[in-house]
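The values are calculated or read from the model by the stated rules, or taken from the named source; none is laboratory data. Keep in mind that what you see is a predicted model, and the values were worked out from it rather than measured. No Cβ is skipped: glycine too gets one built from the backbone with ideal geometry, and neighbour counts run over all protein chains shown. Each accessible area value is taken on the protein alone, full model and side chains, heavy atoms only, with ligands, DNA and RNA left out. Shrake-Rupley method; radii C 1.70, N 1.55, O 1.52, S 1.80 Å.
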Amino acid sequence: MKTTELDQNPVREFDAQAASFLVRDLRRVYASGKTRDYGWRVSQLRMVEKMATDCEKEIYEALRLDLNKPEIESFVHEISLTKASCQTMLKELKHWMAPQKAKAPLTVFPASAEIVSEPLGVVLVISTWNYPLLLSLDPVIGAIAAGNAVVLKPSEVAPATSTLLARILPRYVDSSAVRVVEGSVSATSLLLDQQWDKIFYTGNATIGQIVMSAAAKHLTPVVLELGGKSPVVVDPNTNLEVTVKRIASGKWGCNNGQTCVSPDYIITTKSFAPKLIEALKQTLENFYGNDPLNSKDLSRIVNLKHYNRLTRLLDDDKVCDKIVHGGQKDEKRLSISPTILLDVPLDSLIMKEEIFGPLLPIITVDDIEESFDLISSRSKPLAAYLFTMNKKLEQEFIGTISAGGMLINDTALHLTVHSLPFGGVGGSGMGNYHGKFSFDAFSHKKAVLHRGFAGDASARYPPFTPKKKAILKALVIGDLFGLILALLGWPRT
Amino acid sequence: MGELQERVAELRETFRSGKTKHAAWRKSQLQAILKLLEEEDGEICKALEEDLGKHPVESYRDEVGILAKSVKHCLQNLDKWMAGKKVDVPLVAFPTTGQIVPEPLGVVLIFSSWNFPFGVALEPLIGAIAAGNAVVLKPSELAPASSSLLSHLIPIYLDNKAMLVIEGGPEIGQELLESKWDKIFFTGSARIGRIVMAAAVKHLTPVTLELGGKCPALLDTLDSLDDAKVAAKRIVGGKWGPCSGQACIAIDYVIVEEKFVSTLVDFLRQTIKKFYGDNPKELKHIAKIVNKKCYMRLKDLLHDPDVEASIVHGGSVDDEKLFIEPTILLNPPLDANIMTEEIFGPLLPIITVKNIQDSIVFINSRPKPLAIYVFTKDEHFKDRVIKETTSGSVTFNDALVQFALDTLPFGGVGESGFGRYHGKFSFDTFSHEKAILRRNFTEINFRYPPWNDLKLQFIRAVYNFDYMRLILLVLGLKR
């Protein structure tokens, strides 16, 4: 459906030549040094922030068209986080750009050392459809802050937002250095054929592999922001009322489960599960009423393909009798109600794939500690959540489980904290961003060492003698006394 | 499952047991490396002499000594690095504490190269152990004595449940790449680097690629002849010193102003004689070419007729001993292989420019090098090089020494690779920085649906850091 729309629009013809010209032009702009300038970076960041303010209404509308996203979610998750990201950069950028002094040891005395952050060059950002504004602009903000020229390829699966970005971004930022390319798979592959200095990809592991393969040809470093099945461990020793609200808000209140850090499944004890389910049901009713398919506060499923994928997960023989709440669907409106499943088998489809939708399976164990093995035996998730009042359990959870990030007693919120790196590990991706980490993701850390012409230790040079080795040994080990002895020619025994 | 996979599976089992995560384990292994370096210094030097003809002092300076320094630095700082750090959290997430905790990646694979067969094998190994990983090391088969010594010594000194040396050639390398790793750390050429990264795609494994490139040395016209002599000494030391130019950070070529070139060549000649002796057939204290293949490659670079005509010093070769004399070439054609390929051997082209400032354009028109060396007293020129060129590192008025600093990241950019190591950077390279946020159960209800205008106002106030408005809303004084 979407391809036809694109095919009918001849203006958007993007071919191999256009792709190579685009990169060539950006390289020229980058080489001029314009994007390295602090003033340029600041002015661009201010304009991105201004755009998010000025175009609020249009953004709401695009997100409504693409995902039926509730306005408040659009405001909090997309507009506010984009603006907060700009503000963090604007506040800290000068400080981050300044060379960082490094200690120079005795071995190279006299010398001074520093680490200089420099832009990588011309970078590609490929974003995704679930937070089509935030996940497009947030990496672009990092790329600009670090002084790069950048091409943004928004996802064609959220066409209204993609078109909106292509229309408004050039009006606000310097379009000689920041470009938007719209299109589907073919446009993305044409872009991937080009040589970039960094590729920042948000999406799934399958495309992540395609991106990394393309990057390998040009030795391009990549950041892959993927997803995975993020577990929520609920210890019976918790504040149940708050726990369920926070799970529900992180699951259904974030784009109806179509979020990379969304709680994918819950692990709790057999005895606690009925209480937890009862409380979740109650919360869902409080949040979305008796008829969630008609709730204005829930996003819809993005498209038919994903709707079918999710129904397939539900229709799996192994799980269709496990639904304890919800399960209503409306194909016409691409709507699936918040659904809870109990004790689905671990080899069912829903427990093997990332769910990325409003279905929430609950796995039960006898003892809550068993959840650690269960999580560790699977691919490393992007996020791992634990609800408990038990400090010891909390400590064990942090020490044992590997995940991109961890949040204790809440869900999803950690990605709003710009002082924390956001990114996956293992199956959930590589590299991280947000705040200073975004700046670093798009910077090269250049080592700079300053020396004068004095202070040459002849021990460094041939012809080599045993005395030279003694001097080197003392230097290397930082043994000042040994060094003096060696220089004076008194061997130590 | 093949034998290799079984052994790797054992390492994974060890990692899963949690043993390698303990600070005590990490420290004991680091101590063991130190012990290995101290006790086996002689054996290591012997292997290096056999593989590369390195003099024991060169071996100590470039490999054993540097490694001992790295282990010590690591031992001194490990507790601090492992502790992670607390971070500030904005009011939106109040009441909350944020923390970044480094955790090991798992089972990692290190490919090292033949030119510093101990240095570039153990330096990343130190980082991988410090970060708490299980490790497979695949040393280069092109330095066979060193490879076999490593595979002999490591199981003696280190925990062989968590560390494995696998010897072998490209087929073994291929086989290793088939397995799943949590990180691959590769030192070598860009060509193999591409193969490694392409193989890493299968399991989406992060990689660090430590490659090379043509590292230029820019020599400004120096007023003081004493300074010029020191510069020449350091250029000779930076070219022929490390494994006879077979080093990723060795000086590849020199750029100098026309008016200064004869001074430079004179000083270089003098220094070469002083360092390596008068008789070019009997040079001492300089490493040999690693093997016939590399020797032939270098000979081919030299025997291009236009290139041969540009030789101003040296140029003699000995097919039997695989020997190539330290050779200086003046203005070989820029399109000749010697100026388009990484030389990785004892040949030093000198390119002249009218004004040393022109060298910036020259460098920028070529792939980004691993290192740039600049000999100058001109602060403005220094500043231009830092700001207008890109390279893994820039060193002023010296060469190679940047490698010895634990406080500076070592690694390339563009064609010279990506990722970095040494000191804390090694620890970071083999760690995942896990973000942790802790909250209690204090609750503000405006976070949750059903949505209404009042909640939207609350949220707006919070995100705009408009605390006054927030208070008024909480008190019900504003709607």
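The table that follows gives values for the structure above.
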quantity: Per-region count, segment A:409-434, residues outside any loop (DSSP other than H, G, I, E, B), within 7 Å of chain B (Cβ to nearest Cβ) and crowded, with 24+ Cβ neighbours inside 10 Å; calculated: 4
quantity: Residue count, segment A:309-334 (criterion: over 20 Å from A:Y265 (Cα atoms) and either among the polar types (S, T, N, Q) or part of a loop (DSSP other than H, G, I, E, B) (or both)); calculated: 4
quantity: Any hit, segment B:347-360, residues being facing chain A (nearest Cβ under 8 Å) and either open to solvent by less than 10 Å² (accessible area, probe 1.4 Å) or part of a helix (DSSP H, G or I) (or both); calculated: no
quantity: Tabulated pairs, segment B:288-316, first touching a residue at least 24 places away in the same chain (Cβ under 8 Å), second open to solvent by 50 Å² or more (accessible area, probe 1.4 Å) and aliphatic (A, V, I, L, M), C-beta under 7 angstrom, 6+ apart or interchain; calculated: B:V290/B:L142; B:N291/B:L142; B:S310/B:L330; B:V312/B:L330
quantity: Residue match in segment B:242-251 (condition: in a helix (DSSP H, G or I), more than 22 Å from the chain's Cα centre (by Cα) and closer than 24 Å to B:S359 by Cα); calculated: no
quantity: Of all residues making up segment B:367-392, the number that are in a strand (DSSP E or B) and free of Cβ contacts under 8 Å to residues at least 24 places away in the same chain; calculated: 0
quantity: Criterion (in contact with a strand residue (DSSP E or B) (Cβ under 6 Å, 6 or more places away or on another chain) and away from chain A (no Cβ under 14 Å)) met by exactly one of B:V135, B:V207; calculated: B:V135
quantity: Cβ-Cβ under 9 Å pairs, at least 6 apart or on other chains, segment A:33-53 side without any contact (Cβ under 8 Å) to a residue 40 or more places away in the chain, far side open to solvent by 20 Å² or more (accessible area, probe 1.4 Å) and assigned to a helix (DSSP H, G or I); calculated: A:G33/B:K387; A:G33/B:E388; A:T53/A:K83
quantity: Exclusive hit being assigned to a strand (DSSP E or B) and either out of contact with any helix residue (DSSP H, G or I) (no Cβ under 8 Å at 6 or more places or on another chain) or closer than 19 Å to B:I363 by Cβ (or both), set B:L334, B:L329; calculated: B:L329
quantity: Strands (runs of 3 or more DSSP E) lying entirely in segment B:34-130 (those with 2 or more residues that are within 8 Å of chain A (Cβ to nearest Cβ) and open to solvent by 10 Å² or more (accessible area, probe 1.4 Å)); calculated: B:96-104
quantity: Yes/no for B:D398 being within 7 Å of another protein chain (Cβ to nearest Cβ) and farther than 30 Å from B:D88 by Cα; calculated: yes
quantity: When residues of segment B:428-451 are limited to those that are touching a residue at least 40 places away in the same chain (Cβ under 8 Å) and among the polar types (S, T, N, Q), the one nearest to the other protein chains (Cβ to nearest Cβ); calculated: B:N440
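A quick yes/no check of all residues on (1) more than 26 Å from the chain's Cα centre (by Cα); (2) at positive phi; (3) of a type in the set (D, E); (4) assigned to a loop (DSSP other than H, G, I, E, B):
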residue: A:L346; (1), (2), (3), (4): yes, no, no, yes
residue: A:I355; (1), (2), (3), (4): no, no, no, yes
residue: A:I368; (1), (2), (3), (4): yes, no, no, yes
residue: A:P381; (1), (2), (3), (4): no, no, no, yes
residue: A:L393; (1), (2), (3), (4): yes, no, no, no
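Per-residue answers, yes or no, for (1) surrounded by fewer than 24 Cβ atoms within 10 Å (Cβ to Cβ); (2) at pLDDT 95 or above; (3) polar (S, T, N, Q); (4) under 30 Å from B:N397 (Cβ atoms):
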| site | (1), (2), (3), (4) |
| --- | --- |
| B:S146 | no, yes, yes, no |
| B:K161 | yes, yes, no, no |
| B:G168 | yes, yes, no, no |
| B:T187 | no, yes, yes, yes |
